[in-house]
Amino acid sequence: MMEDLFLNQLRGFDETGLGMLVWLIWLGLMMLFLFYPTMSQRIQLGYMLRDLEKKLARLKLVKDEVRERTIETIKRIGKPEKDPTQDIDKLMEFFVIEPESMDPYGIVYKLEHILETGESRFEEEIRKLSPAAEDYKVKTLANLMEVARTTNYLYRIVRHYYLLGKKTANIYLILQLQMLMPQLMEMTEALRLASYAFAYGQPIGDGIGVLAAAKLAYGKEKARYEIAKDTTVSEIEFENRRVLIVRATGPGGTVGRPGEGVKKLIEREGDNVKLIITIDAGLRLEGDESGKMVEGVGVAIGGPGIDKYKIEEIAKERQIPLYAFVIYESIVEAITPMREVIAKAADVVVEKIKSVLLEKVPAGSTAIIAGIGNTVGIG
Amino acid sequence: MESFPPSKMMLRYVPPLTFLKCTSCGTENSRTFKEEDYVFKKTNEVCPKCGNNELLIVGIYVKEREKKA
Ligand SMILES: [Zn+2]
């Protein structure tokens with residue numbers, strides 16, 4: 001019964017010429033794709049642009065949220081006399097121009113000079129906006145401002161390529177942007193969480209190197225002094241060995257100048273120094289376990305490379321071995337409030353360092369240990 | 001080429017906990033993080049066990065979420 005109905009319908013279809021119509025539509029579509037081969041690409045481009053548009057909207061949302069948090073925090077902690085919004089917007093566009101590398105001789109010191117100028121300029125501006133904030137808090141606020149600036153920059157870059165791709169209908173440009181988007185979005189979300197950490201002064205994952213160094217020094221300090229800007233040395237004695245622990249001065253948000261600190265110490269101590277150990281958070285690969293400590297040789301310092309260069313240079317000159325301990329973290333974990341698995345790694349590092357000191361540093365000589373990272377929330 | 005929708009990528013902010021250790025009896029306890037807290041700061045909170053009013057902050061971190069069995 002049902003089948004009959006179906007057949008009748010088909011026949012009816014044919015009789016009314018509807019079948020012909022459907023067939024003609026098919027033919028038309030095929031001709032369209034035949035003579036207009038970029039058609040499918042255009043459809044694809046449309047989809048991709050819509051996808052990007054959504055993500056760009058999310059980026060803008062995060063950028064505005066971080067900006068709001070920065071303004072609110074500076075008002076709350078810094079208690080400026082006038083509304084800081086305008087100055088903050090100005091700082092969000094602040095830029096640093098890298099030195100010319102056509103003639104690379106001495107580029108490290110040029111870079112250092114430029115970055116230091118940028119850093120102090122940033123800090124000065126924040127200090128002006130935050131008359132009520134203590135010195136260490138000004139540094140954390142400057143970090144927060146830096147997060148806001150980075151979020152803004154990320155947003156502007158993505159917007160630029162999105163608009164450019166849209167304007168030129170360039171699918172390859174859009175394709176490249178879309179391939180990068182998952183990482184960029186992850187970074188954006190991480191920056192959003194970083195803004196909380198700096199707004200409240202909470203330790204972040206990157207601080208694990210400093211935390212391990214601080215734990216090693218705590219309670220055993222014989223002397224403590226500043227060796228370079230924002231950089232502290234704690235002297236301890238361990239099993240008849242002199243241990244100089246270099247780290248950024250807490251609890252404000254700063255990475256200090258560990259390169260300069262280590263260099264000055266070696267110049268002062270001369271040939272007594274038998275070992276340099278750097279401890280830092282290192283980017284883990286997907287599939288690696290967070291908070292796992294691995295060891296190797298070299299200088300474990302991320303960032304623009306100035307501190308790394310300085311330590312390598314003087315270590316080579318004096319033939320001091322370089323040991324490195326790295327604690328695995330993802331890029332997100334590095335800038336967001338510290339996770340338990342990472343914090344727990346500090347104790348593992350301390351024990352490991354003690355055994356290395358006993359094994360590699362002869363009694364009566366000196367070792368330098370540099371805890372690298374942002375010291376926000378670690379006193 | 002469809003990448004993650006933004007909602008799946010969103011990370012939630014989990015405030016860290018502050019872990020305090022009594023300088024007299026060594027008891028450790030934790031509370032939510034408060035501004036001005038930092039690792040190795042001595043606070044004048046009172047120890048719940050012995051009543052000593054000096055606690056040392058020994059850690060500030062985000063506790064791992066317990067995995068659902
Ligand atoms: Zn107690």
- Sparse-neighbourhood loop hits (GluC sites (Glu not before Pro), the stretch A:73-157; DSSP loop; Cβ within 10 Å at most 10 others) -> A:GLU81, A:GLU93, A:GLU100
- Message: Loop-only GluC sites (Glu not before Pro) in the stretch A:278-379, please: DSSP not H, G, I, E or B, and at most 16 other Cβ atoms within 10 Å.
- Response: A:GLU286, A:GLU289
- Task: Find me the longest stretch of chain A that has none of the exposed chymotrypsin sites (Phe, Trp or Tyr not before Pro), where exposed means in a DSSP loop (not H, G, I, E or B) with at most 13 other Cβ atoms within 10 Å.
- Result: A:106-379
- Item | Threshold 30 Å² - residues in the stretch A:323-362 whose accessible area is reduced by that much or more when the chain is no longer isolated, probe 1.4 Å | A:PRO337, A:MET338, A:ARG339, A:GLU340
- Note on the structure: Cα-based Rg and Dmax for the protein assembly as shown, in Å, come out at 28.7, 106
- Accessible surface of the stretch A:205-371, 1.4 Å probe, proportion on carbon and sulfur as whole %: 49
- Query: Taking Cα centroids, how far is the stretch A:261-337 from the stretch A:220-259 in Å?
  - Reply: 15
- Query: Can you give the accessible area per residue of the protein assembly as shown, in Å², using a 1.4 Å probe?
  - Reply: 53
- Please state the charge dipole magnitude for chain A, taken about the Cα centre, from unit charges on C-beta atoms (+1 on K and R, -1 on D and E), reported in debye and rounded to the nearest 20. 580
- Note on the structure: What helix-only [θ] at 222 nm does the protein assembly as shown give? Using -39500 (n - 2.57) per DSSP H run of at least 4, over all residues, to the nearest 500, the answer is -17000 deg cm²/dmol
- Query: Stretched out fully, how many nm does the piece from A:GLU295 to A:ARG121 gain, at 0.36 nm a residue minus the Cα gap?
  - Reply: 59.0 nm
- Assign one of three labels to the stretch A:46-200, namely rounded, prolate or oblate, based on the Cα gyration tensor with a ≥ b ≥ c the square roots of its eigenvalues; rounded applies when a/c is under 1.5, prolate when it is not and a/b is larger than b/c, and oblate otherwise. oblate
- Query: Considering only protein heavy atoms, what is the solvent-accessible area of A:HIS113 at a probe of 1.4 Å, reported in Å² to the nearest 10?
  - Reply: 120
- Just tell me which lysines come within less than 20 Å, Cα to Cα, of A:LYS139; anything on the same chain fewer than 8 places away is out. A:LYS75, A:LYS79, A:LYS90, A:LYS128, A:LYS229, B:LYS34, B:LYS41
- Note on the structure: Rounded to the nearest 100 Å², the accessible area buried between A and B, both sides, probe 1.4 Å, is 2900
- Message: Students sometimes get this wrong: rank A:ASP83, A:ASP280 by accessible area, probe 1.4 Å, all chains present, largest first.
- Response: A:ASP83, A:ASP280
- Message: To check my understanding: the extent here is largest minus smallest coordinate of the Cα atoms along each principal axis. What are those three numbers for the stretch A:205-371, in Å, largest first?
- Response: 41, 31, 28
- Message: Among DSSP bridges having both ends in chain A, what percentage is antiparallel? Round to the nearest 5.
- Response: 50
- Using the alpha-carbon centroid of each, what span in Å lies between the stretch A:44-117 and the stretch B:27-47? 33
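The values are calculated or read from the model by the stated rules, or taken from the named source; none is laboratory data. Everything numeric here is computed off the predicted structure, so don't read it as measured data. Every residue, glycine as well, gets a Cβ built from its backbone with ideal geometry; the counts of neighbours run over all protein chains shown. Just so you know, the surface numbers come from the protein's heavy atoms only, side chains and all, with ligands and any DNA or RNA stripped out. Shrake-Rupley method; radii C 1.70, N 1.55, O 1.52, S 1.80 Å.
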